[in-house]
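FYI, it's all coordinate maths here, none of it is from the lab. Being a predicted model, the structure only gives us computed values, none of them experimental. Here the Cβ positions follow ideal geometry from the backbone for every residue, glycine too, while neighbour counts run over all protein chains shown.
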Amino acid sequence: MSCDKQSNSKSSGNNSNIHKHGKEYLSNNKMEDLHLYESKNSKKDKLSRLHHPVTVYVDDSLDITELVKQTGTDSGEATLMLTGLHTCGSLGSSLQNMFINSSRTKVLCYVSCCYHLMNEEFIKAPFIDGHEEEKSGFPMSLFLREQEVGLGRAARNFASQTINRPTSELKAKSYPRSLLQKILYDITGHVDDGWKGLRKLDQKCKDMYQYVQKAFKKLKLPTDKITPEFVSEYVERYKEEEKKLAIFLQIKSLLAPCIEAIVLLDRYLHLLEQDCTTDVKLVQMFDPVISPRCHAIVAYKE
Ligand SMILES: C[S@@+](CC[C@H](N)C(=O)[O-])C[C@H]1O[C@@H](n2cnc3c(N)ncnc32)[C@H](O)[C@@H]1O
């Protein structure tokens, strides 16, 4: 409040300048503001001449030189640098292949993310349902391909998680889902990979009973056995298991950086294996608490 008042009184003082000095209608402060505004605007103009946004789906077959030509600004001689911040799934591996296949691209710098969205060569995605599968993004290096290394979706999912943000609670977010799974197993006698539509359902329910009810309805299973007493008996019986699950998940999370390291080192190695690269680096760029996917892959060509 006091700041506002001060600035108001200042500006009324400046208004008297306007009448006295005709052309010098702005105070020194305002002149500075104007210069700043003009210089910002000319920078903006410059940037808009240099900046040509294009929206395309990127895969290994994209010819970056052709794309640059389409902007109408290509001299045909300039060298190119490919960058990508948080390139989901196979977008990272596609960028890397584009860099290798384009003789005009001399520098690559990108940060990977969302490893769970990648396809693997040696472990097929479980939910393809006959749709055409994207090209595999893992493994890329000859070294891992020769050994037919696979990670699987669960491990890749894990590698995409955040472990650097401290938490005071020892809680297993997935506990309601695990308990539901136990009830489903006890009632139906099996666990079905095709059971879908349960994601985050527990967050929309006020208690475990409502969650189990809704889940059974979604899966089109009979709900006659699902009574409040039946569910609360399970909650009581497995009370202690929630802590054990939380501890298990914390121990498991220690492996997450190892899985991410496998993906990143595979990409790094793939670049080292190319004759065209002169230098390849894996650099930590960000504070992992702020941005958990914080490593950039940087490569240079002659
Ligand atoms: C995690 S976001 C990062 C966005 C932005 N770079 C940032 O850091 O805020 C990844 C973006 O890449 C886009 N994307 C993923 N795969 C792609 C592909 N193959 N071709 C083009 N865009 C893609 C997604 O739609 C999403 O907008």
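Overview of results
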| item | result |
| --- | --- |
| Among 226-235, 96-105, the order from most to least packed when residues are scored by Cβ within 10 Å on average | 96-105, 226-235 |
| Residues in the range 208-222 reached by a label modelled at LYS182 [backbone nitrogen below 18 Å; 7 Å Cα→Cβ] | 208-213, 215-216 |
| Long-range HN-HN contacts of MET285 with modeled amide H, under 5 Å | HIS295, ALA296 |
| Extension gain (nm, one decimal) between VAL58 and LEU85, 0.36 nm per residue minus Cα-Cα | 8.3 nm |
| ARG145 paired with CYS276, simple spin-label distance in nm, labels 7 Å along Cα-to-beta-carbon | 1.5 nm |
| Computed FRET value (nearest 0.05) for LYS171 with ASP207, which takes r as the C-beta separation and R₀ as 22 Å | 0.85 |
| Table column - 3J(HN,Hα) (Hz), the range 98-103, Karplus curve with 6.51, -1.76, 1.60, x for Gly and Pro | 4, 4, 5, 7, 9, 5 |
